[in-house]
Amino acid sequence: MTWLLGRLSPGLTIRVNLFADLIFLVTGAVLAASIAHGYPGGSASQLLTVSAGACTIWILVSTALRHYDPAAFDRRLGDDVAMVTVLVMAAGTWVALAGIAAAPLASPPPPGLFIALVWPAAVALRLLVIRPLSARENPLEEILVVGTGPMARLTGQDLVRRGRRRLVGFVPFSNERESDRALLRRAMQLTVPIIANCGELESVLRRTAVAEVYIAGNARKHENEMQHAIQICERMGVPFAIPAYTFRLERAWPLSNRDGYLHCLPYEEKPWQMAFKRVFDIICSASALWVLTPLLVIVMALIKITSRGPVFFRQERVGLRGKPFTMLKFRSMVVDADKLRGLLAEQNEQTGPVFKMRADPRVTRVGRFIRRYSIDELPQLVNVLRGDMSIVGPRPPLPAEVAQYEPWQLRRLCVRPGLTCIWQVSGRSQVSFEQWMYMDMQYIDDWSLRRDVDLIFKTLPAVLSGRGAS
């Protein structure tokens, strides 16, 4: 049936899969309780507690196991069934624990019946609907390959065959032959360009946002240039992959690296903590938007009454791995603020490419108040809910600022930007640009959930005092 469909938007099947799985969990809990105890199967509050807990466990475990990552669709069918089974068992364990805690005063869903209802539905959805549909998606991530030799050619063909990631180009090593490039062009059918050379990799990565760089070289022939490419990726915070072995395997398969590469990240991977971080972001942003609704409505009315122009200010910012997104803020300046910035450039009080000015004439009366207490940043909770940002992380920069970054400063783009970070609790505009960048590097290198919680608690008094705001 998928042949009837055109290309789907990137990430659509992942979102559909997650939403449907959560529906299965809630429906499974309600049906299991109704079948076991008769309609309606227990109190609404009890079913809500069981369902919410099961959904939370599901999101945590699936994030840690990368069940909804684009690369997960490259798993074998049996591996996908095993992964869904693990998730269902984790949710079923919560249902069992909730039943033990509630008994004998309540009628909880039987965990065995819950698993029997949810497991076949989740497996059927994944195998019969989501996997076929995912093949119709446009690639979600972009990849760059360094090299044009045999390994680069096979890597490019494998990436194109899988179709999960878009190959944007090949960057040749200096001593690769023209015949290798001709074979590459023929193999790739001229669909992927050969761009620049390895010596220009830094400039290529500056103008092209990629999710990963495959360094497809021969260690004996390209050792120096491969090491140079690794150093550039490390300094700029770009994930990269290097050959896992130097010998050609024709029938044997490595157990942990089926594509023949070691994949390296610019930070220490902590999957379980990252899973909790995403769940925390979703719960906090949704709860804050609900609780702060009266304040948001009042601010919207004041902005509309006191100055001409829209209530919200939409601005393109640079997000995770250099991808642009539209950031939301309450408008705190006059409508033509961007045009007036050039006239005020000489009065910039911040070092580096960032513009900061205490008595900025473009700021409105209401804007001065909401900026002092960071109320203008509250609409970014929507960005957090959508996944563009996190509660804690380096502040998202402007594209013009990123264009002026030194290579080591680009590493701050390797994590999701956030509402608050070390800079916000250390004086904000009173901190020099270089110190600001070093603070972000410190956050990336030392990240943990506990550190995020500490920064959130430090942010509250910093915001209420208005210290360093401009």
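The values are calculated or read from the model by the stated rules, or taken from the named source; none is laboratory data. What you see is a predicted model, and the numbers here were worked out from it, not measured in a lab. Methodologically, a virtual Cβ is constructed for each residue, glycine included, from the backbone with ideal geometry; neighbour enumeration extends over all protein chains shown. In case anyone asks, the SASA skips ligands and DNA or RNA and just uses the protein heavy atoms, side chains included. Shrake-Rupley method; radii C 1.70, N 1.55, O 1.52, S 1.80 Å.
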Considering the range 411-464 alone, what residues qualify as being over 26 Å from PRO266 (Cα atoms) and either open to solvent by less than 40 Å² (accessible area, probe 1.4 Å) or touching a Phe, Trp or Tyr at 6+ places or on another chain (Cβ under 9 Å) (or both)? GLY427, SER429, THR459, ALA462, VAL463, LEU464
Name every residue in the range 31-54 that is within 33 Å of the chain's Cα centre (by Cα) and buried (at least 20 other Cβ atoms within 10 Å of the Cβ), in order of residue number. LEU47, VAL50, SER51, ALA54
Across (1) within 30 Å of ASP452 (Cβ to Cβ); (2) at pLDDT 90 or above; (3) open to solvent by 30 Å² or more (accessible area, probe 1.4 Å), PHE276 clears everything bar (2)
Among the candidates ARG358, ARG371, ARG341, single out the residue that is part of a loop (DSSP other than H, G, I, E, B), open to solvent by 20 Å² or more (accessible area, probe 1.4 Å) and either at pLDDT 80 or above or out of contact with any His (no Cβ under 7 Å at 6 or more places or on another chain) (or both). ARG358
Which pairs have Cβ atoms under 6 Å, sit 6 or more apart or on different chains, and link a residue in the range 198-224 that is farther than 16 Å from VAL238 by Cα to one that is in a loop (DSSP other than H, G, I, E, B) and of a type outside the set (Phe, Trp, Tyr)? GLY217/GLY147; ALA219/THR246
So VAL61 ticks every box in (1) modelled with pLDDT under 90; (2) over 16 Å from TRP94 (Cα atoms) but one. Which box is left unticked? (2)
Return the pair list, or none, for Cβ contacts closer than 7 Å from residues in the range 321-334 that are closer than 20 Å to SER374 by Cβ to residues that are among the aliphatic types (A, V, I, L, M) and in a helix (DSSP H, G or I), at least 6 apart or on different chains. LEU328/VAL382; PHE330/VAL299; PHE330/ILE303; PHE330/ILE370; PHE330/ILE375; ARG331/ILE303; SER332/ILE370
Within the range 233-245, the count of residues that are surrounded by 22 or more Cβ atoms within 10 Å (Cβ to Cβ) and farther than 21 Å from GLY149 by Cα comes to 3
Looking at (1) open to solvent by 60 Å² or more (accessible area, probe 1.4 Å); (2) of a type outside the set (A, V, I, L, M, F, W, C); (3) under 30 Å from GLN404 (Cα atoms), find the lone condition where GLN157 falls short. (3)
Conditions (1) at pLDDT below 90; (2) buried (at least 20 other Cβ atoms within 10 Å of the Cβ): number failed by ALA103: (2)
